[in-house]
1. Pick out, from the stretch A:39-126, the helices (runs of 4 or more DSSP H) lying fully within it that include 3 or more residues that are away from chain B (no Cβ under 14 Å).
2. I'd like the residue in the stretch B:114-163 that is part of a loop (DSSP other than H, G, I, E, B) and small (Gly, Ala, Ser) and, out of all such residues, is farthest from the other protein chains (Cβ to nearest Cβ).
3. So if I check each of B:Arg26, B:Arg92, which one is buried (at least 16 other Cβ atoms within 10 Å of the Cβ), among the basic types (Lys, Arg) and more than 17 Å from the chain's Cα centre (by Cα)?
4. Determine which member of the set B:Ile30, B:Ile9, B:Ile5 is away from chain A (no Cβ under 11 Å), in contact (Cβ under 8 Å) with a residue 24 or more places away in the chain and under 24 Å from B:Arg148 (Cα atoms).
5. So, A:Ala332, is that one surrounded by fewer than 17 Cβ atoms within 10 Å (Cβ to Cβ), small (Gly, Ala, Ser) and in a helix (DSSP H, G or I) or not?
6. If you check A:Leu457 against the conditions, is it in contact with a Cys (Cβ under 9 Å, 6 or more places away or on another chain), touching a residue at least 12 places away in the same chain (Cβ under 8 Å) and surrounded by 21 or more Cβ atoms within 10 Å (Cβ to Cβ)?
7. Within the stretch A:278-292, can one find any residue that is away from every other protein chain (no Cβ under 14 Å), touching a strand residue (DSSP E or B) at 6+ places or on another chain (Cβ under 8 Å), surrounded by fewer than 23 Cβ atoms within 10 Å (Cβ to Cβ) and under 19 Å from A:Ile353 (Cβ atoms)?
8. If only one of A:Pro156, A:Pro175 is buried (at least 18 other Cβ atoms within 10 Å of the Cβ) and either more than 14 Å from chain B (Cβ to nearest Cβ) or in contact with a strand residue (DSSP E or B) (Cβ under 7 Å, 6 or more places away or on another chain) (or both), which one is it?
Amino acid sequence: MELTGAEIVVRCLQEEKVEHVFGYPGGSVLYIYDELFKQNQVKHILVRHEQAAVHAADAYSRSSIGKIGVALVTSGPGVTNAVTGIATAHMDSVPMVIITGQVPTAYIGQDAFQECDTVGITRPCVKHNFLVKNVKDLAETLKKAFYLAKTGRPGPVLVDIPKDVTAQKYAFSYPDSISIRSYNPVVKGHSGQIRKAVQLLVGAKRPMIYTGGGVILSDADQQLGKLTRLLGFPLTQTLMGLGAFPATDHQHLGMLGMHGTYEANMAMQHCDVLLAIGARFDDRVIGNPAHFGQVARKIIHVDIDPSSISKRVKVDVPIVGNVPDVLDELIAQIESSDRAALPGNIAGWWKQIEEWRGKDCLKFKQDDQVIMPQFVVQKLYEVTGGDAFITSDVGQHQMFAAQFYKFDKPRRWINSGGLGTMGVGLPYAMGVRFANPDAQVACITGEASIQMCIQELSTCKQFRLPVKIINLNNRYLGMVRQWQEMFHGNRYAESYVDALPDFVKLAESYGHVGMRIERPADVEPALREAFTRHKDDLVFMDFITDQTANVFPMVAAGKGLSEMVLAEDL
Amino acid sequence: MRHIISILIENEAGALSRVAGLFSARGYNIETLTVAPTEDPSLSRMTLVTAGSDDIIEQITKQLNKLVDVVKVVDLSEAPHVERELMLVKVRASGKDREEMKRMSDIFRGRIIDVTETTYVIELTGTSSKLDSFIVAIDQTLILETVRTGVSGIGRGDRILKI
């Protein structure tokens, strides 16, 4: 049957079982919107800014298994507004499909109204992108986009469709499967390499497991749990990896890196065999690679992306493959290996680790006058039973959330790790809620970050999204202020957040519930009220917090992992 | 160290800019780059000359392989290979210089492919260093214009880059 390009787009979304599309209409996508209007299967979520559409679609993918977030925006400014969201998803390898309108093919290159070189602008921040110049290529291109987004190392894929292509007609047929000759991601790990890895692991004296976002993206939490318990090794997770292994488990040493725990960073630095899984040794994780390299250790690295291996740190045993498949084989080989001596061999190492853990590096003092931001996250953890989906923005509050909310399940911690995009928190919470309609969702944010996408309070009103906004309001760009205090002689250049709105009234003006909490004693009751009496409301909780709180431990930029500044040092 | 990297890539709009963009985004340098369709018009073959430590070259080939349009990548300089570059040089050729220029062109196995009363265009093929040597060998003040294609390379014997 002959369909218009716009009909084909909607049919493709239906074929892919897409339930939600986050978007914003405009001239170039009007035919597509017209077709969306005529059906009920794919629901459109109207945001208030294209950036939020992409962030919401991003979180929709992050917080669900197998569902892919889709964003739809118009040409020109629609696309440029979306770029921050696309780059954010790309840095964290989030599968996503972005459909963008383009000016009619005959106008391309003529500096037409709302024209921009979408494929050119987005090329460095997508896994792949397409410009569809002929309606006969449309269905196959969309199939490819979904396939590319979710296979291999996942990522955002963009399909740019000129307006005239959405009006032209072509016989629709959606391919059942697709193969791309230039794209063949590896799945199984090399058995010989896995054998070498097992030898190193069972012979280790000071072993360490270090995992990242790849474990979550590939849903390998079951395998990771089994492997870690089988080996009895200590484990640390990156910011992106939190939740793959339960944070409340004794083998978990907490997050590592710039604001990682003392025990995790020390163990990472001093281990003799390191098993890295779905992590990429980035600068916020291992600090200075030269300092990290001063200690001799054997590194095994499991990753689906060969270019992540030996990029910043030289690896001894690279294993390229899909994490769950590789871990299955690792487990099988370990189970059949002789490892009777292992517990004895690593007993001394555990003793050392417990000494490090004894420092209790995250401790803070809460008096009865001023609310500490850590205290709010702690109470949030207690009130939600540790079972909420937590989104965050970027800054001190993000680190406090990562340190104090103990994630026991994967895909519950949704934040921008790679690009570090302020403003993601609220649209992320929206995306999470659409993917998990009955879940408790809280957005831990600050008074600066929340204002970067505050307009989405309106979207939340329209779709009645009962998100709990935990605003840790210290009247500063907290992380900037912390760096200025530590490295720039207390000169707080432009980091004071002046002229704040009354957040309570602001929330109320959007039809939500607003609360201001100023005393430590009120923190828990307020949270309980928000999650019980106002269960079905969006509650904007403006916590007035200590202005001087800093995030510790801290590995300063360019320093080594074991060169931490601890709260007790100051 | 200098490396010659051969890339088989889908012959699609934007393929070249994906490769060029990767190099600029990651701070790798490109000394020369040539690209043209192969005998299979759906594929293009690129030859790219770059320089870097072993670690950097390893990253370059991995990053190139990661591009969805790239079918295959080979570091030609890892094993026996042949490389050629073509250069056209327009030189002033009048009076006594005319004979001398012809002689130098013959020595370098060049061919004179355009002749006017005062100029020659010399076509020269060879490795990049041979072309460099020619430029040095002739009288610099007589060079009016040079144009080079950049390096093309191919593996020797059974080393074949094909799908």
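1. Working: elements: A:50-62, A:77-91, A:118-122.
Of the helices (runs of 4 or more DSSP H) lying wholly inside the stretch A:39-126, those with at least 3 residues that are away from chain B (no Cβ under 14 Å) span A:50-62, A:77-91.
2. In the first step, residues of the stretch B:114-163 are kept if they are part of a loop (DSSP other than H, G, I, E, B); the result is B:116-118, B:127, B:138-139, B:149-151, B:156-163.
Next, from what is left, pick out any that are small (Gly, Ala, Ser): B:150, B:157.
Details: B:Gly150: 23, B:Gly157: 26 Å.
Among them, the one singled out is B:Gly157.
3. Details: B:Arg26 fails: buried (at least 16 other Cβ atoms within 10 Å of the Cβ).
The unique qualifying residue is B:Arg92.
4. Values: B:Ile30 fails: in contact (Cβ under 8 Å) with a residue 24 or more places away in the chain; B:Ile9 fails: away from chain A (no Cβ under 11 Å).
Going through B:Ile30, B:Ile9, B:Ile5 in turn, just one is away from chain A (no Cβ under 11 Å), in contact (Cβ under 8 Å) with a residue 24 or more places away in the chain and under 24 Å from B:Arg148 (Cα atoms): B:Ile5.
5. Numbers: surrounded by fewer than 17 Cβ atoms within 10 Å (Cβ to Cβ): yes; small (Gly, Ala, Ser): yes; in a helix (DSSP H, G or I): yes.
Criteria met by A:Ala332.
6. Numbers: in contact with a Cys (Cβ under 9 Å, 6 or more places away or on another chain): no; touching a residue at least 12 places away in the same chain (Cβ under 8 Å): yes; surrounded by 21 or more Cβ atoms within 10 Å (Cβ to Cβ): yes.
Spelling it out, it is not the case that A:Leu457 is in contact with a Cys (Cβ under 9 Å, 6 or more places away or on another chain), touching a residue at least 12 places away in the same chain (Cβ under 8 Å) and surrounded by 21 or more Cβ atoms within 10 Å (Cβ to Cβ).
7. Yes, the conditions are met somewhere in the stretch A:278-292.
8. On the way: A:Pro175 fails: buried (at least 18 other Cβ atoms within 10 Å of the Cβ).
Selected residue: A:Pro156, the only one of A:Pro156, A:Pro175 that is buried (at least 18 other Cβ atoms within 10 Å of the Cβ) and either more than 14 Å from chain B (Cβ to nearest Cβ) or in contact with a strand residue (DSSP E or B) (Cβ under 7 Å, 6 or more places away or on another chain) (or both).
The values are calculated or read from the model by the stated rules, or taken from the named source; none is laboratory data. Small disclaimer: the values here were computed from a predicted structure and weren't measured. Every residue, glycine among them, receives a Cβ derived from its backbone with ideal geometry; neighbour counts consider all protein chains shown.
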